[in-house]
Amino acid sequence: MTASPADEVVDLVSALIRIDTSNTGDPETVVGEREAAEFVAEKLAEVGYEPEVIESGAPRRDNVFVRLPGADPSRGALLVHGHLDVVPAEPSEWSVHPFSGAVQDGYVWGRGAVDMKDMVGMTLAVARHYKRTGYVPPRDIVFAFVADEEAGGAYGAQWLVQHRPDLFEGCTEAVGEVGGFSLTLGEDQRVYLIEAAEKGIAWMRLRSRGKPGHGSFLHDDNAVTKVAEAVAKLGNHTFPLVLTPTVQAFLDRIGELTGLEFPEDDLEGALAKLGPLSRIVGATVRDTANPTMLKAGYKANVIPSSAEAVVDCRVLPGRREAFLREVDELIGPDVTREWVTDLPAVETEFDVPLTQAMLEALRTEDPTATTVPYMLSGGTDAKSFHTLGIRCYGFAPLRLPPDLDFASLFHGIDERVPIDALEFGTRVLDRFLRIC
């Protein structure tokens with residue numbers, strides 16, 4: 001009897017975590033995804049696929065693609081994507097080694113357990129099962145395992161979209177990370193959040209110039225002062241409340257299910273009642289601009305001629321031009337700005353057959369499941385795939401314990417995923433891909 005995908009998913013996820021694919025964002029120190037890509041390609045070839053391994057613009061930044069033909073080639077293909085890289089982790093801060101892939105206490109532990117080697121393992125398990133059993137899905141499925149998502153995708157999804165669009169031929173819809181996980185609202189009442197929108201990512205460098213001089217003199221043209229004032233204004237500024245269609249749909253649906261009200265004059269207070277999830281949802285009702293880096297000077301008693309800062313800006317769909325006007329008013333004429341990274345906001349229609357298939361698949365494992373659209377405050381490779389006209393959703397299904405602070409595990413210490421959630425998610429993903 002052929003084993004089910006859920007039977008091997010824990011071993012696959014653990015093995016993937018043991019491969020250090022830390023992405024520092026610095027080409028000089030990045031580890032690279034090649035070993036993980038080779039592992040994935042080997043597992044796919046083992047069951048009969050002919051995977052294509054593509055290096056995306058830099059050494060060791062490898063990606064793996066396979067296409068499984070479907071029964072109806074006239075239908076648009078579905079892209080199922082996951083990234084192989086992870087953010088760095090400091091072992092001394094962890095209860096277990098972050099690259100141990102430890103399986104203990106009902107969890108798989110390690111960097112990437114939720115972001116996103118869990119979904120990579122589930123996808124790999126299902127793809128292997130289909131080929132092993134000769135299953136033909138209703139439409140073409142493109143399985144993609146890509147590099148560099150954690151640094152914006154310049155050596156991953158962005159490069160692939162620009163240089164190898166043929167890999168995505170016929171793809172009309174996609175599913176990837178940061179969606180499909182459960183939120184427990186009450187006793188045995190779970191909603192599964194489906195990502196249907198993402199804020200734009202605009203990492204901005206601010207620069208100022210001034211007159212250099214001795215630190216002991218009176219000085220009225222100090223570059224450090226100029227950039228510091230601009231950074232303080234941006235960091236302390238509250239951008240206006242804006243409810244996009246996706247966020248409004250989320251609030252309306254949660255309100256129907258719980259009886260909670262979300263008045264605009266106390267929206268943040270009302271969102272706090274959602275517990276840990278409030279950190280994610282609360283960041284999607286306004287633009288944000290958080291200073292993250294400062295650089296100036298070379299000696300304590302020398303006033304430098306220039307100073308700079310980096311600000312992490314996240315912009316709501318439809319707000320880009322208004323946001324930039326506010327930024328320019330705040331920083332003033334003596335400080336210039338330029339983009340370090342500029343990736344668009346994404347918002348996709350939710351009430352479509354694909355999301356109905358997600359709900360149906362979830363209910364095969366959790367009969368009371370309800371799906372709710374939400375906006376991600378961060379970003380994923382969906383931003384790149386969206387530029388090809390692909391409608392993108394976050395759907396990496398996991399049924400989570402009510403007391404697990406799931407949001408804190410993304411890039412967090414002691415990142416881990418419940419074993420039963422992995423097995424649940426693999427069964428749901430299998431069902432979804434059979435009916436979508």
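Within the stretch 400-436, how many residues are assigned to a loop (DSSP other than H, G, I, E, B) and out of contact with any Lys or Arg (no Cβ under 7 Å at 6 or more places or on another chain)?
12
Table: residues versus (1) closer than 30 Å to ASP334 by Cβ; (2) assigned to a strand (DSSP E or B); (3) more than 22 Å from the chain's Cα centre (by Cα).
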| residue | (1), (2), (3) |
| --- | --- |
| SER182 | no, yes, no |
| LYS211 | yes, no, yes |
| VAL231 | yes, no, yes |
| PHE262 | no, no, yes |
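What pairs come up if the first residue lies in the stretch 404-417 and is under 11 Å from PRO276 (Cβ atoms), the second is crowded, with 17+ Cβ neighbours inside 10 Å and of a type in the set (Lys, Arg), and their beta carbons are under 7 Å apart, counting only those six or more places apart or on different chains?
The qualifying pairs are LEU409/ARG416.
Can you tell me which condition ALA3 does not meet? The list is (1) modelled with pLDDT of 95 or more; (2) outside any strand (DSSP E or B), and all the others hold.
It is condition (1) that ALA3 fails.
If you go through the stretch 295-326 one residue at a time, how many are more than 22 Å from VAL247 (Cβ to Cβ) and either in contact with a Lys or Arg (Cβ under 6 Å, 6 or more places away or on another chain) or surrounded by 15 or more Cβ atoms within 10 Å (Cβ to Cβ) (or both)?
Total meeting the criteria: 11.
Taking TYR192 as the residue in question, decide whether it is among the hydroxyl-bearing types (Ser, Thr, Tyr) and in the same structural domain as LEU429 (by TED's automatic domain parsing). Spell out how you get there, then give the answer.
On the way: among the hydroxyl-bearing types (Ser, Thr, Tyr): yes; in the same structural domain as LEU429 (by TED's automatic domain parsing): no.
For TYR192, the condition - among the hydroxyl-bearing types (Ser, Thr, Tyr) and in the same structural domain as LEU429 (by TED's automatic domain parsing) - is not met.
Which numbered condition in (1) at pLDDT below 95; (2) over 28 Å from GLU415 (Cα atoms) is the only one that VAL31 fails?
(2)
Can you find a residue in the stretch 289-305 that is within 15 Å of THR225 (Cα to Cα) and either among the hydroxyl-bearing types (Ser, Thr, Tyr) or in contact with a Ser or Thr (Cβ under 6 Å, 6 or more places away or on another chain) (or both)?
yes
Could you tell me whether SER74 is more than 24 Å from the chain's Cα centre (by Cα), surrounded by fewer than 16 Cβ atoms within 10 Å (Cβ to Cβ) and over 29 Å from HIS386 (Cβ atoms)?
no
Mind checking which pairs have a first residue in the stretch 153-172 that is more than 18 Å from PHE143 (Cβ to Cβ) and a second that is hydroxyl-bearing (Ser, Thr, Tyr) and crowded, with 17+ Cβ neighbours inside 10 Å, Cβ under 6 Å, 6 or more apart or different chains?
Correct list of pairs: TYR155/SER56; GLN158/SER384; TRP159/SER56.
For (1) over 25 Å from LEU429 (Cα atoms); (2) among the basic types (Lys, Arg); (3) part of a helix (DSSP H, G or I), each residue gets a yes or a no:
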{"site": "VAL178", "(1), (2), (3)": "no, no, no"}
{"site": "TYR192", "(1), (2), (3)": "no, no, no"}
{"site": "ARG207", "(1), (2), (3)": "yes, yes, no"}
{"site": "LEU218", "(1), (2), (3)": "yes, no, no"}
{"site": "VAL227", "(1), (2), (3)": "yes, no, yes"}
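Of the numbered conditions (1) closer than 29 Å to GLY153 by Cα; (2) exposed (fewer than 13 other Cβ atoms within 10 Å of the Cβ), PRO333 satisfies every one except a single condition; which is it?
All conditions are met except number (1).
Count, please, the residues in the stretch 357-387 that happen to be under 15 Å from LEU78 (Cα atoms) and surrounded by fewer than 16 Cβ atoms within 10 Å (Cβ to Cβ).
Total satisfying the criteria: 0.
Taking the stretch 15-42, which residues are touching a residue at least 40 places away in the same chain (Cβ under 8 Å), outside any loop (DSSP other than H, G, I, E, B) and surrounded by fewer than 21 Cβ atoms within 10 Å (Cβ to Cβ)?
Selection gives ALA15, SER22.
For the stretch 67-116, which residues satisfy the criterion of being of a type outside the set (A, V, I, L, M), in a strand (DSSP E or B), touching a strand residue (DSSP E or B) at 6+ places or on another chain (Cβ under 8 Å) and more than 24 Å from TYR130 (Cβ to Cβ)?
Initially, the stretch 67-116 is screened for residues of a type outside the set (A, V, I, L, M), giving 67, 69-70, 72-76, 81-83, 85, 88, 90-95, 97-101, 104-107, 109-112, 115.
Imposing the further condition that a residue be in a strand (DSSP E or B) reduces the set to 67, 81-83, 104, 107, 109.
Subset that is touching a strand residue (DSSP E or B) at 6+ places or on another chain (Cβ under 8 Å): 67, 81-83, 107, 109.
Correct list: TYR107, TRP109.
Taking the criterion of being in contact with a Ser or Thr (Cβ under 9 Å, 6 or more places away or on another chain), polar (S, T, N, Q), more than 22 Å from GLU321 (Cβ to Cβ) and at pLDDT 95 or above, would at least one residue in the stretch 199-208 satisfy it?
Within the stretch 199-208 (the criterion being in contact with a Ser or Thr (Cβ under 9 Å, 6 or more places away or on another chain), polar (S, T, N, Q), more than 22 Å from GLU321 (Cβ to Cβ) and at pLDDT 95 or above), the answer is yes, since at least one residue qualifies.
Picking from GLY70, GLY110, which residue would you name as being touching a Pro at 6+ places or on another chain (Cβ under 6 Å), on the phi > 0 side of the Ramachandran plot and modelled with pLDDT of 95 or more?
After applying the criteria, what remains is GLY110.
The values are calculated or read from the model by the stated rules, or taken from the named source; none is laboratory data. Predicted model only: the values in this text are computed from it and were never measured. Here Cβ is always computed from backbone atoms with ideal geometry, including for glycine, and neighbour counts include all displayed protein chains.
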